[in-house]
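The values are calculated or read from the model by the stated rules, or taken from the named source; none is laboratory data. This structure is a prediction, so every number in the text was calculated from the model and none was measured. Because the Cβ atoms are built from the backbone with ideal geometry, glycine has one as well, and the counts that use them run over all protein chains shown. Accessible surface areas use protein heavy atoms only, side chains included; no ligands, DNA or RNA. Shrake-Rupley method; radii C 1.70, N 1.55, O 1.52, S 1.80 Å.
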Amino acid sequence: MATHSETDVLVIGAGAGGAAMSKRLSDGGVKVTCLEQGDWLHPMNHPHMYDGWELERLRTWSWHPNVRMFPEDYPTTGNAAPMMMNGVGGSTLHYAGAWPRFKPVDFRKGTEHGLEGTIDWPISYEDLEPFYAINDAEIGVARRVGDPGNPPRPEGWGPASRGGKVGRKMGRGFDELGWHWWPADNAILTREKNNRMACNDCGFCLGGCPRHAIASTDVSYWPKALANGVDLRVNARVETITTANGRATGAVYIDRTTGARSEVRAKIVVLAANSIGTPRLLLLSAQKGYPDGLANSNGLVGTHLMFHSWSFEDYWFDEPLEGFKGPEPAVLYSQEFYDTDPSRGFVNGFSLQVGTALGAANSALGTNTGKIAPWGAGHREFFNKHFAHHALVYVQGEDLPVRTNRVTIDPAVVDSSGLPVPHVHYDLHENDRRLITWGQERAREAAEAAGPVIDMATTGIGGVGGPPPGWHIMGTCRMGNTPEDSVTNKWNQTWDVPNLFITDASSLTTGAAVNPTSTLQAVSVRAAEYIKRRFADITSQTKTPSNADAPDF
Amino acid sequence: MIDVTIRSGSKPPLGGWLPPAALSAPQADVLNAIADELIPGGEGFPPPSGVNVVGFIVRYVAPSGQEAKWYPFLTEAEFARRLDELGSAFVSASSAERVQVLIGLERDDAEFFGRLRDMVYYAYYSRPEVVAAINRNLEAGRDYRNSPQPYGYTDVMDDWDDDLLSRVKGTYTRTEDVVRLPLPENLRP
Ligand SMILES: Cc1cc2nc3c(=O)[nH]c(=O)nc-3n(C[C@H](O)[C@H](O)[C@H](O)COP(=O)(O)OP(=O)(O)OC[C@H]3O[C@@H](n4cnc5c(N)ncnc54)[C@H](O)[C@@H]3O)c2cc1C
C-alpha cells in the first residue's frame with residue numbers, strides 16, 4: 001500500500017455510534033483515527049431559510065440516498081428503501097432527535113416469547129442505564145422527569161420541548177381515555193450548550209438543524225473528539241477491513257476526492273457504518289480465512305434486519321392546532337400498549353407517538369398520508385379547514401427480528417467508488433401486521449377522544465406501501481449470547497475476530513418499540529469504556545471470550 | 001466579475017438553479033393560466049398569477065445543459081414544450097374550458113399533471129403575499145411565517161398543561177418480572 005498510518009483504534013463511520021465511540025475513547029487518551037465516507041455539513045446547507053424549504057425534502061434533503069444521489073451516498077437495491085445520510089454525523093444529520101429509551105422488558109424478549117429470531121439481549125436495562133445517562137448529558141437531552149411508565153431518568157439538560165396546541169389537544173385525548181402519555185424526551189437543546197443554540201420551535205426538524213439545537217453528532221460529539229486529537233478523515237470510503245493471523249489489522253480506504261487508496265493500521269478496529277453499511281463492509285471484506293465475509297462464520301452478518309413496523313395516521317380537528325410550530329416528530333408518546341398481551345393475537349407492543357406537520361404547502365400536498373387538497377373550485381375550502389388543524393399519531397411497533405430480512409451484496413450495482421452496493425430485503429411478519437392494524441385502531445380512539453375529528457387519513461400498515469419506511473435501521477450484526485445466535489458478544493466484540501468491534505444500530509439485538517439512537521449510543525459509549533479499560537486484554541486475545549469468560553469492566 | 005451561477009456539481013443546488021430555466025413570455029402566460037385554475041384566488045387569497053409563482057417554479061426546472069435528475073424531474077426544454085402545446089389557445093379560453101383541458105391532462109398524463117400541480121402548490125404557498133393572506137384570513141395560521149428560520153415560533157408557542165400531566169398513570173415491567181408468556185394460538189409453531 002502506497003501510504004499507511006498507524007493508530008490505536010480505527011473507527012469506521014462518523015455517525016451516531018462512531019462519534020460516541022471516538023469521543024469516549026479519546027477522552028481517555030486513546031489514539032483514534034476515524035474514517036468517514038462523507039464530508040462536513042455547513043449550516044447554510046440547510047433549507048430552513050429558503051422559500052422552497054418544503055420542497056427541498058424531495059431533493060437535497062430527501063431521506064433516501066437513492067433519491068439524493070450525492071457522491072458520498074451509496075445506492076441500495078432490493079424491496080426496501082433504507083433512509084440514511086452519509087457525512088460527519090451520519091444519519092443523525094437527518095434525524096429528529098426523538099429520544100426515548102428502551103424499557104427493561106425490551107432486553108428480555110427471548111424469555112418473554114422468543115418468536116422468530118427473537119433472543120434475549122446479553123445485557124439488561126440496568127447494565128446500560130449508566131451509559132444512557134452519560135450519553136444524555138453529552139447530547140443535552142430535553143426532558144420532563146416523572147414519567148410513571150418508565151424507570152426514573154435523570155434531569156435533562158433543559159426542560160422538555162413545549163408541546164404547543166397539538167400537545168395539549170392530544171394530551172387531553174389520552175387523559176380522557178385514562179391511557180399513559182408523557183411529553184417526549186428529545187435530543188434537542190431547550191437551553192444553550194457549548195456554542196449550540198437552543199431550539200426556537202421552528203417546526204422543521206427533519207431537515208437537520210442549522211441552529212445546532214438537534215444533537216447530530218457533528219455538533220454534539222465531534223467538536224470535543226477533535227479537540228481530544230481524534231484524526232477524523234472525511235471523504236474516506238473504506239473498501240476492506242484487513243486481517244492477519246485471526247486479528248483485524250486495519251482498513252484500506254479510498255479517498256473519494258482523489259481516488260487514491262490508503263491504509264490505516266490499528267490495534268483495534270471498531271465498525272460503525274450503520275445497519276446497512278456495516279454488514280456491507282463485512283461482506284465486502286471476504287478474504288483468505290473468511291470466505292463468506294468477515295465475522296460471518298455463522299452466516300448471521302446482515303440478517304435479522306429490523307425497521308420498526310409503522311403506520312402514520314393524520315387527523316384533522318375542528319380547532320386551530322398550529323402544527324407548524326414545535327418539534328416535528330415527537331411531541332408526546334403513549335406507551336399504554338407497550339407490553340405484550342397475547343390475547344390481542346400478537347406479541348410485542350407499540351408506542352403511539354404524536355407529531356406535527358410542516359407548512360402550508362405540505363398541508364396542501366397531503367400532510368403525511370397523501371390527502372391532497374383538490375385543485376380548482378374546492379381548493380380553498382379544503383385548505384382552510386385542514387391547514388394547521390392537524391395532529392399526526394404514528395404507531396411505532398416493535399418488529400420481530402426475522403432471519404430472512406437481511407442485507408446482502410448486489411454485485412450488479414456499484415457506488416461512485418466502484419464498490420458493490422447492498423441489497424436490502426424486508427417482509428413484514430404476520431405478527432407485526434396484526435400489531436399495527438390493532439395499533440391503528442387505538443390511534444383513532446385517542447384522536448376521537450381528543451376530538452372532534454373532521455377528517456383522517458392513513459398510510460396503511462407498514463408505512464407507505466409494503467415494507468415499513470426504513471429510518472430506524474437495526475439489527476444485522478446483533479450482539480447476543482453465544483457464537484451461534486449472534487455476531488458479537490456482550491461487549492460488541494465480534495465472535496470471529498476478537499479485536500473487531502461493532503457499535504452502531506446493527507448491534508441492537510431487538511428493536512423495542514421506540515426510536516433507537518439513545519440506545520445505540522449508550523451501547524457504543526459502554527463499549528468504548530470497555531475498550532479503554534480492557535485495552536491490554538483485548539489486544540492480546542486470540543479468541544473472542546464468551547460472555548461468561550470475558551473480563552468485566 | 002463575480003460569477004453567481006449555482007452549479008450542481010453532482011448535487012442538486014439548494015434553493016433551485018440560478019440563473020433559472022428560461023421561459024418565454026407566452027410560456028409564462030400559460031403557466032400562470034394553469035396555476036390560476038389549480039388554485040383560484042378569492043376569499044382574501046390572491047390568484048397565483050399575481051404573486052409570481054412562475055419565478056419560483058423556473059428555479060426548480062433543470063435549466064438547459066442540466067439533467068433532470070432530481071425533483072420535479074423536468075428539463076427546461078421539456079417543460080417549455082409542454083407549455084407551448086397548450087399555447088395561447090389555453091390562455092384565451094374561458095375558465096370552464098381551461099378546467100376541461102386540465103381534467104383531460106390529469107386523466108391522460110397523470111405523472112406530468114401531478115408534478116405540475118405539486119409545483120404550483122409549492123410555489124403558491126411559499127409566496128410572502130400568500131403567507132400574509134394566511135395570517136389575515138385563517139385563525140390557525142395567524143402566526144405562520146415565510147420560513148421556519150430564522151425566527152422560529154418560540155414567542156408564540158403554548159406550553160404543557162400541568163394539570164393534565166399530574167394525572168398521568170403508567171407502569172412498566174421490571175427486568176426481574178419478565179416471564180414467559182403463552183404465544184397467541186395462531187402464532188404457535
Ligand atoms: C429521517 C430520519 C429521521 C430519524 N429520526 C430519528 C429520531 O427521531 N430518533 C432516533 O432515535 N433515530 C432517528 N433516526 C435514526 C437515526 O438517524 C439512526 O438510528 C442513527 O443515525 C444510526 O446510527 P449508526 O451509528 O448506526 O449509523 P449512522 O448514523 O448512519 O452513521 C454511519 C456512518 O458510517 C458511514 N459509512 C458507511 N459506510 C462507510 C464506509 N464504507 N466507509 C466510510 N464510512 C462509511 C456513513 O457515511 C455514515 O456517516 C432517524 C433517521 C432518519 C433517516
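Data for the structure
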| quantity | calculated |
| --- | --- |
| Of all residues making up region A:16-30, the number that are small (Gly, Ala, Ser), within 15 Å of the ligand (Cβ to nearest atom) and open to solvent by 10 Å² or more (accessible area, probe 1.4 Å) | 1 |
| Of residues in region A:132-149 being more than 14 Å from chain B (Cβ to nearest Cβ) and of a type in the set (A, V, I, L, M), the one nearest to B:SER166 (Cα to Cα) | A:VAL141 |
| Residue list for region B:149-179, filter: in contact with a Phe, Trp or Tyr (Cβ under 7 Å, 6 or more places away or on another chain) and either more than 7 Å from chain A (Cβ to nearest Cβ) or more than 13 Å from A:TRP179 (Cα to Cα) (or both) | B:THR175 |
| One residue from A:ARG153, A:ARG68 being at the interface with another protein chain (Cβ under 8 Å from one of its Cβ atoms) and either open to solvent by 20 Å² or more (accessible area, probe 1.4 Å) or within 14 Å of the ligand (Cβ to nearest atom) (or both) | A:ARG68 |
| Condition check for A:LYS325: basic (Lys, Arg), surrounded by fewer than 21 Cβ atoms within 10 Å (Cβ to Cβ) and more than 16 Å from the ligand (Cβ to nearest atom) | no |
| All helices (runs of 4 or more DSSP H) inside region B:89-189 with 3 or more residues being exposed (fewer than 12 other Cβ atoms within 10 Å of the Cβ) | B:95-108, B:162-166 |
| Tally, over region A:84-100, of residues that are near the ligand (Cβ under 6 Å from one of its atoms) and more than 14 Å from chain B (Cβ to nearest Cβ) | 8 |
| Pair list, Cβ under 9 Å, 6 or more apart: region A:277-291 residue open to solvent by less than 30 Å² (accessible area, probe 1.4 Å), other residue of a type in the set (Phe, Trp, Tyr) and within 12 Å of the ligand (Cβ to nearest atom) | A:GLY277/A:TYR74; A:ARG280/A:TYR74 |
| Counted residues, region A:113-123 - those being open to solvent by 10 Å² or more (accessible area, probe 1.4 Å) and at the interface with chain B (Cβ under 10 Å from one of its Cβ atoms) | 4 |
| Top-ranked residue in region A:36-50 [being more than 19 Å from A:VAL234 (Cβ to Cβ) and out of contact with any Pro (no Cβ under 8 Å at 6 or more places or on another chain); ranked as nearest to the other protein chains (Cβ to nearest Cβ)] | A:TYR50 |
| Hey, B:ALA80 within 14 Å of chain A (Cβ to nearest Cβ), over 27 Å from A:ALA377 (Cβ atoms) and aliphatic (A, V, I, L, M) or not | no |
| Residue satisfying all of: in region A:508-521; within 14 Å of another protein chain (Cβ to nearest Cβ) and aliphatic (A, V, I, L, M); nearest to the ligand (Cβ to nearest atom) among these | A:VAL514 |
| Helices (runs of 4 or more DSSP H) wholly inside region A:78-180 that include at least 1 residues being modelled with pLDDT of 95 or more and in contact with a strand residue (DSSP E or B) (Cβ under 8 Å, 6 or more places away or on another chain) | A:164-177 |
| Output for region A:346-378, where each listed residue is open to solvent by 10 Å² or more (accessible area, probe 1.4 Å), in a loop (DSSP other than H, G, I, E, B) and more than 10 Å from chain B (Cβ to nearest Cβ) | A:ALA357, A:THR367, A:ASN368, A:THR369, A:GLY370 |
| Odd one out for B:PRO63, checked against (1) touching a helix residue (DSSP H, G or I) at 6+ places or on another chain (Cβ under 7 Å); (2) more than 14 Å from chain A (Cβ to nearest Cβ); (3) under 20 Å from A:LEU365 (Cα atoms) | (3) |
| Qualifying residue in region A:522-534 (condition: modelled with pLDDT of 95 or more, under 12 Å from the mean Cα position of the chain (by Cα) and either open to solvent by less than 10 Å² (accessible area, probe 1.4 Å) or near the ligand (Cβ under 8 Å from one of its atoms) (or both)) | no |
| So A:SER343, is it among the hydroxyl-bearing types (Ser, Thr, Tyr) and surrounded by fewer than 16 Cβ atoms within 10 Å (Cβ to Cβ) | yes |
| Residues (buried (at least 24 other Cβ atoms within 10 Å of the Cβ), more than 8 Å from the ligand (Cβ to nearest atom) and of a type outside the set (A, V, I, L, M, F, W, C)) located in region A:31-50 | A:PRO47 |
| Whichever residue in region A:328-340 is of a type outside the set (A, V, I, L, M, F, W, C) and within 16 Å of the ligand (Cβ to nearest atom) and, among such residues, is surrounded by the fewest Cβ atoms within 10 Å (Cβ to Cβ) | A:PRO329 |
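For (1) in a loop (DSSP other than H, G, I, E, B); (2) of a type outside the set (Lys, Arg); (3) touching a strand residue (DSSP E or B) at 6+ places or on another chain (Cβ under 8 Å), each residue gets a yes or a no:
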position	(1), (2), (3)
A:THR482	yes, yes, no
A:SER486	yes, yes, yes
A:LYS490	yes, no, yes
A:GLY511	yes, yes, yes
A:THR519	no, yes, no
A:ILE531	no, yes, yes
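The rows are residues; the columns are (1) of a type in the set (A, V, I, L, M); (2) farther than 23 Å from A:GLU6 by Cβ.
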site	(1), (2)
A:SER216	no, yes
A:SER220	no, yes
A:GLY229	no, no
A:ARG233	no, no
A:ALA244	yes, no
A:ALA251	yes, no
A:ALA260	yes, no
A:ARG265	no, no
A:LEU271	yes, no
